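I have placed the structure first, in the form of structure tokens, so that the comments after it can refer back to it.
The values are calculated or read from the model by the stated rules, or taken from the named source; none is laboratory data. Since we're looking at a predicted model, the values are computed, not measured. Glycine also receives a Cβ, built like all others from the backbone with ideal geometry; neighbour counts cover every protein chain displayed. Please note that ligands, DNA and RNA were not included when accessible areas were found on the heavy atoms of the full protein model with its side chains. Shrake-Rupley method; radii C 1.70, N 1.55, O 1.52, S 1.80 Å.
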Amino acid sequence: MDGTQAALPSAAQLPGRGAKISLVDLEKRFEGVGAVRGISLEIGSGEFLTLLGPSGSGKTTTLMMIAGFETPTDGDIAIDGHSVIGLPPHKRNIGMVFQNYALFPHLTVAENIGFPLKQRGVDRATRTRMVADSLAMVRLPGYEARYPRQLSGGQQQRVALARAIVFQPRLLLMDEPLGALDKQLRESLQLEMRRLHADLGITFVYVTHDQEEALTMSDRIAVVNEGRIAQLGRPEELYDRPSSRFVASFIGESNFLSGVVRGMEEGLVVADCSGTTVHALAAEPLLIGTEVTLTTRPERMRFADTAFPLTGRQNRVRATVTEAMFAGERCRYLLRGEDGAAIVLKEPSGAGTRRRAVGEATEIAWSVADTVVV
């Protein structure tokens, strides 16, 4: 498809819904080295999808290809069913927000936000109205005359958001937009992002390496590793049912137990973990003798003698407390199993909760439903 293709319709022309995005076998190589290695992904209209992964995983390169700032080595990108490979960035009608805000320091807030409208030939009166509407959306009304240097980091990022949505795109791309902010402000703006997404009804594609950020905001998360999608699903699916050790360790904290399959029982894997029998969920039946890794989240584990016992089928392991740390709302314990395996347990703290002492021998228990083969 050549660069003479018409620009895509705006959200105003197709009100209330966002663009549909299709990535087909997308690849990008730099001097023969694969940064993106065959990513295929369907993003629904109005969806908030996050590309989550470590530095160098290919998530930002994927976003830049959707935006048009990088050209794919192979594969296709379609927006609303139309390939955009031949379209330059300014004709894709995509809003873009960067981590460093990318505001013009010599322009006022109104001039910064109105810049994409001016580039599109929108008249002054209409620009003024649309800038005011955009500022209201990001909860900065009346800031038109200020300069970026007169704003806090959070306010500058809101202005960058206002500039990205002022021309009513059907798709908004964001590359680590909250990375430069402190924790409290970042958490506040995460909620603002969700509100803005709900208000606009457009498609958001968000890049981050922060798993808490991804879990908080996303409809779905694509975990990216070494240029490929390691797992795609809703936040709770990825957290509760990771498909690999990488996903389990990258999203949140996980315990890992090594074992050997001894059989299947009522759809569960029965594994021998150094003499202790552990039951776990698995995506498919496994052969006897298969070596497996089992994972469980630290906050799903309990001391077996707790006043709040688990219900349903349980796994149990004997262990010794090696470290005990108070962390406000939780106590974090490091234990060592009889086989030498390190186990982390997180217990809600409270006035009635008994603190465990280093060196204490104990038994820990957790639900079979919270144990997964990865």
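What number of residues in the stretch 323-333 are modelled with pLDDT of 90 or more, of a type outside the set (Phe, Trp, Tyr) and open to solvent by less than 60 Å² (accessible area, probe 1.4 Å)?
Selection size over the stretch 323-333: 2.
Could you identify the single residue in Arg234, Arg195, Arg163 that is basic (Lys, Arg) and in contact (Cβ under 8 Å) with a residue 40 or more places away in the chain?
When all the criteria are applied, what remains is Arg163.
Select from the stretch 146-164 the residues that are basic (Lys, Arg) and crowded, with 21+ Cβ neighbours inside 10 Å and list them in ascending order.
Residues of the stretch 146-164 basic (Lys, Arg): 146, 149, 158, 163.
Across the stretch 146-164, the qualifying residues are Arg158, Arg163.
Among the residues of the stretch 202-259, how many are among the hydroxyl-bearing types (Ser, Thr, Tyr), open to solvent by 50 Å² or more (accessible area, probe 1.4 Å) and more than 19 Å from Lys346 (Cα to Cα)?
We begin by selecting, within the stretch 202-259, every residue among the hydroxyl-bearing types (Ser, Thr, Tyr); these are 203, 206, 208, 216, 218, 239, 243-244, 249, 254, 258.
From what is left, the residues that are open to solvent by 50 Å² or more (accessible area, probe 1.4 Å) are 216, 243, 249, 258.
Among the residues that remain, those that are also more than 19 Å from Lys346 (Cα to Cα) are: 216, 243, 258.
Summing the residues that are among the hydroxyl-bearing types (Ser, Thr, Tyr), open to solvent by 50 Å² or more (accessible area, probe 1.4 Å) and more than 19 Å from Lys346 (Cα to Cα) in the stretch 202-259 gives 3.
Just the residues that are over 21 Å from Arg170 (Cβ atoms) and either part of a loop (DSSP other than H, G, I, E, B) or among the acidic types (Asp, Glu) (or both), please, taken from the stretch 46-64.
Gly53, Pro54, Ser55, Gly56, Ser57, Gly58, listed by residue number.
Can you name every residue in the stretch 237-266 that is closer than 16 Å to Val374 by Cα and without any contact (Cβ under 8 Å) to a residue 12 or more places away in the chain?
Glu237, Ser249
Being under 25 Å from the mean Cα position of the chain (by Cα), closer than 27 Å to Phe30 by Cβ and at pLDDT below 95 is the filter here, so list the residues in the stretch 73-93 that pass it.
Pro89, Arg92, listed by residue number.
Suppose the filter is at pLDDT 90 or above, open to solvent by 80 Å² or more (accessible area, probe 1.4 Å), farther than 19 Å from Glu265 by Cβ and in contact with a strand residue (DSSP E or B) (Cβ under 9 Å, 6 or more places away or on another chain); does Arg336 pass it?
yes
For every residue, the table says whether it meets (1) at pLDDT 95 or above; (2) assigned to a loop (DSSP other than H, G, I, E, B); (3) open to solvent by less than 70 Å² (accessible area, probe 1.4 Å); (4) hydrophobic (A, V, I, L, M, F, W, C).
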| site | (1), (2), (3), (4) |
| --- | --- |
| His279 | yes, no, yes, no |
| Thr293 | yes, no, yes, no |
| Gly312 | no, yes, yes, no |
| Arg316 | no, no, no, no |
| Val321 | yes, no, yes, yes |
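Conditions tested, residue by residue: (1) assigned to a loop (DSSP other than H, G, I, E, B); (2) within 27 Å of Asn225 (Cβ to Cβ).
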position: Ile66; (1), (2): no, yes
position: Pro72; (1), (2): yes, yes
position: Leu87; (1), (2): yes, no
position: Pro105; (1), (2): yes, no
position: Asn112; (1), (2): no, no
position: Lys118; (1), (2): no, no
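Being touching a residue at least 60 places away in the same chain (Cβ under 8 Å), among the hydroxyl-bearing types (Ser, Thr, Tyr) and out of contact with any His (no Cβ under 9 Å at 6 or more places or on another chain) is the filter here, so list the residues in the stretch 359-374 that pass it.
Ser367, the sole residue that qualifies.
For residues in the stretch 61-96 being open to solvent by 50 Å² or more (accessible area, probe 1.4 Å) and polar (S, T, N, Q), which is farthest from Val36 (Cα to Cα)?
Thr71
When you scan the stretch 339-354, do you find a residue that is over 22 Å from Ile251 (Cβ atoms), out of contact with any helix residue (DSSP H, G or I) (no Cβ under 8 Å at 6 or more places or on another chain), crowded, with 16+ Cβ neighbours inside 10 Å and not aromatic (Phe, Trp, Tyr), even just one?
Taking every residue of the stretch 339-354 in turn, none turns out to be over 22 Å from Ile251 (Cβ atoms), out of contact with any helix residue (DSSP H, G or I) (no Cβ under 8 Å at 6 or more places or on another chain), crowded, with 16+ Cβ neighbours inside 10 Å and not aromatic (Phe, Trp, Tyr).
Looking at the stretch 102-121 only, could you name the residues that are among the small types (Gly, Ala, Ser) and closer than 13 Å to Arg149 by Cα?
Within the stretch 102-121, Ala102 is the sole residue that qualifies.
Please pick out the residue among Thr203, Thr126, Thr216, Thr208 that is polar (S, T, N, Q) and over 18 Å from the mean Cα position of the chain (by Cα). Break it down into steps so the answer makes sense when it comes.
Details: Thr203 fails: over 18 Å from the mean Cα position of the chain (by Cα); Thr216 fails: over 18 Å from the mean Cα position of the chain (by Cα); Thr208 fails: over 18 Å from the mean Cα position of the chain (by Cα).
Every option except Thr126 fails the conditions.
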